[in-house]
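Worksheet: one structure, shown below.
The values are calculated or read from the model by the stated rules, or taken from the named source; none is laboratory data. The shown structure was predicted, so the numbers you read here are calculated from the model rather than taken from an experiment. Backbone-built Cβ (ideal geometry, glycine too); neighbour counts: all protein chains shown. Remember, those area values only see protein heavy atoms, side chains included, never the ligands or the DNA or RNA. Shrake-Rupley method; radii C 1.70, N 1.55, O 1.52, S 1.80 Å.
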Amino acid sequence: MRVVIVGGTSGIGLAAAARLAAGGAEVVVTGRSEERLRSALKQLGDQARGEVVDARDTGAMRALFEGLGTVDHLVVTVTGRGGAGPLSSLTAEGLTGAWQNKLVPHLLTAQAALGVLNPEGSITFVTAASAGAALPGIATLAAVNGAIEAAVPGLAVELAPVRVNAVSPGVIDTDWWSEIGDEARAAFMEGAAESLPVRRVGRPEDVAATIEYVVRNAYTTGIVLTVDGGARLKA
């Protein structure tokens, strides 16, 4: 089983690659950083190989898949910085950038893989629970992730028998939060943990377990699975 994980050199993507490789899959990871790719491959061992490629470069993604041969499963974990903030401070550039950094590479990466994707395989998008959250300052994040999730049922029908699903993480302790600084990050994570029914924030491995489920379960398609520690249950 060959699995391509786009954005698989860090965070959730790397955790998913490690889990799938441990289960016997041949894993191909991609990322934009040569340094992160080398580090990821060192962690993953002989079951993995990788390429430096920017998922926003549609031509590069097409070339990648053309060179790989048959792919059984595709996992797209690409995310982007920015997008959070109140409507009053939203700019056209910020909104456009948020869409170009996540929605566009998710859908066009899936398109690029179609020619080599095993008809019995799958596509898994990694979105975010902001898609269904009612919180101030996340309208753009919700719009971007919600758009990907909205595409899942239609793509599952359009691309059948290829399966199409999404995994929607809540607060996960990854480097995505690094830009707010160590002190603010620690305070946020502590507050988030206290507010959740599970009393902790998520780890990349929590999401990786769900990704493995939708990849390996051949009777699951057209769904969005939320992994949020119960955040959706809060009043």
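Listing for the model above:
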{"quantity": "Entirely in the stretch 1-95, the helices (runs of 4 or more DSSP H) that have 1 or more residues that are in contact (Cβ under 8 Å) with a residue 12 or more places away in the chain, closer than 29 Å to Leu135 by Cα and of a type in the set (A, V, I, L, M, F, W, C)", "calculated": "11-22"}
{"quantity": "Any hit, the stretch 121-138, residues being over 30 Å from Leu90 (Cβ atoms), touching a residue at least 40 places away in the same chain (Cβ under 8 Å) and part of a helix (DSSP H, G or I)", "calculated": "no"}
{"quantity": "Verdict on Ala193 being of a type in the set (Gly, Ala, Ser), over 24 Å from Asn101 (Cα atoms) and open to solvent by less than 70 Å² (accessible area, probe 1.4 Å)", "calculated": "yes"}
{"quantity": "Single residue of the stretch 218-235 satisfying the filter (open to solvent by 50 Å² or more (accessible area, probe 1.4 Å) and of a type in the set (S, T, N, Q)) that is farthest from Ser130 (Cα to Cα)", "calculated": "Thr221"}
{"quantity": "Leading residue by the ranking (nearest to Leu68 (Cα to Cα)) among those in the stretch 97-120 that are open to solvent by 70 Å² or more (accessible area, probe 1.4 Å) and in a helix (DSSP H, G or I)", "calculated": "Gln111"}
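So that you can scan it fast, the table gives a plain yes or no per residue for (1) at pLDDT 95 or above; (2) open to solvent by 60 Å² or more (accessible area, probe 1.4 Å); (3) more than 14 Å from Thr124 (Cβ to Cβ); (4) among the hydroxyl-bearing types (Ser, Thr, Tyr):
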position	(1), (2), (3), (4)
Met1	yes, yes, no, no
Ala22	yes, yes, yes, no
Glu26	yes, yes, yes, no
Gly50	yes, no, yes, no
Thr77	yes, no, no, yes
Gly80	no, no, yes, no
Gly85	no, no, yes, no
